[in-house]
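The values are calculated or read from the model by the stated rules, or taken from the named source; none is laboratory data. This is a predicted model, so every value here is computed, not measured. Here the Cβ positions follow ideal geometry from the backbone for every residue, glycine too, while neighbour counts run over all protein chains shown.
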């Protein structure tokens with residue numbers, strides 16, 4: 001019994017030493033992760049009707065049109081971000097069936113020079129969906145359902161490629177397409193080197 005205080009002291013010392021060692025490892029790991037490159041994530045909703053009309057919105061802060069969606073916030077999942085952005089931009093959260101596309105965007109395509117990854121979730125809507133939309137006036141000025149053949153009049157080239165690729169994939173339930181700057185890439189076919197849908201990087205980017 002007389003040795004118990006000494007034993008407790010020894011155990012406490014071992015625990016303290018272990019905690020200190022773990023703290024050093026954690027600090028080292030944090031420094032390592034802090035040194036890694038950063039990229040952004042965005043999430044968007046591809047909402048289309050039975051006759052392939054796509055819902056697009058017109059931002060007030062930049063030219064052209066885009067899909068409902070936006071940047072994924074810290075600690076937020078792509079799906080949660082897509083639902084949140086739709087709620088903020090459209091005034092309602094649409095039913096989304098699945099992830100239809102993942103698009104890697106090269107650094108030079110972003111104003112901040114950082115690569116980004118876009119997650120596109122697909123959902124079917126009726127023509128009357130525009131009646132449900134309540135746009136935030138400070139962010140969006142218009143909404144339209146655009147037939148697929150006219151999307152080139154609305155969307156910038158890289159987004160147009162992404163939307164068309166995702167529309168093609170959406171015809172097969174559960175299929176998700178991998179893209180690089182909007183161009184489908186077959187990982188098996190590009191195993192020998194960096195690819196961009198079978199084209200050289202200069203042609204795609």
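Scanning segment 171-189 for residues that are closer than 17 Å to residue 148 by Cβ and free of Cβ contacts under 8 Å to residues at least 60 places away in the same chain gives 171, 172, 184.
With respect to residue 133, is the statement that it is under 22 Å from residue 95 (Cα atoms) and at pLDDT 95 or above true? Answer is yes for this residue.
Which residue is surrounded by the fewest Cβ atoms within 10 Å (Cβ to Cβ), if the candidates are limited to segment 68-87 and must be in contact with a helix residue (DSSP H, G or I) (Cβ under 7 Å, 6 or more places away or on another chain) and part of a loop (DSSP other than H, G, I, E, B)? Taking the candidates together, the pick is 73. When residues of segment 157-185 are filtered for being buried (at least 16 other Cβ atoms within 10 Å of the Cβ), farther than 11 Å from residue 52 by Cα and over 14 Å from the mean Cα position of the chain (by Cα), how many remain? Residues in segment 157-185 being buried (at least 16 other Cβ atoms within 10 Å of the Cβ), farther than 11 Å from residue 52 by Cα and over 14 Å from the mean Cα position of the chain (by Cα): 7 in total. The set of residues from segment 91-146 being part of a loop (DSSP other than H, G, I, E, B), loosely packed, with under 13 Cβ neighbours inside 10 Å and out of contact with any helix residue (DSSP H, G or I) (no Cβ under 9 Å at 6 or more places or on another chain) comprises 91, 95, 111, 112, 126, 137, 138. Would you check which residues across segment 143-163 are within 25 Å of residue 88 (Cα to Cα) and without any contact (Cβ under 8 Å) to a residue 24 or more places away in the chain and list them? Scanning segment 143-163 gives a single hit, 160.
As a summary of the residue check, residue 60 satisfies the conditions (1) more than 21 Å from residue 120 (Cα to Cα); (2) free of Cβ contacts under 8 Å to residues at least 40 places away in the same chain; (3) assigned by TED's automatic domain parsing to the domain that holds residue 110 except for the one numbered (2). Of all residues in segment 25-53, those satisfying the criterion of being more than 18 Å from residue 93 (Cβ to Cβ) and assigned to a strand (DSSP E or B) are 40, 41, 53.
Does residue 107 meet the test of being more than 22 Å from residue 169 (Cα to Cα) and either without any contact (Cβ under 8 Å) to a residue 40 or more places away in the chain or not assigned by TED's automatic domain parsing to the domain that holds residue 187 (or both)? Considered against the rule, which asks whether it is more than 22 Å from residue 169 (Cα to Cα) and either without any contact (Cβ under 8 Å) to a residue 40 or more places away in the chain or not assigned by TED's automatic domain parsing to the domain that holds residue 187 (or both), residue 107 comes out as yes.
Residues checked against (1) assigned to a helix (DSSP H, G or I); (2) under 21 Å from residue 115 (Cβ atoms); (3) modelled with pLDDT of 95 or more:
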| position | (1), (2), (3) |
| --- | --- |
| 165 | yes, yes, yes |
| 173 | no, no, no |
| 179 | no, yes, yes |
| 189 | no, no, no |
| 202 | yes, yes, no |
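Only a single criterion out of (1) over 12 Å from the mean Cα position of the chain (by Cα); (2) more than 14 Å from residue 144 (Cα to Cα); (3) crowded, with 21+ Cβ neighbours inside 10 Å is not satisfied by residue 50, namely (3).
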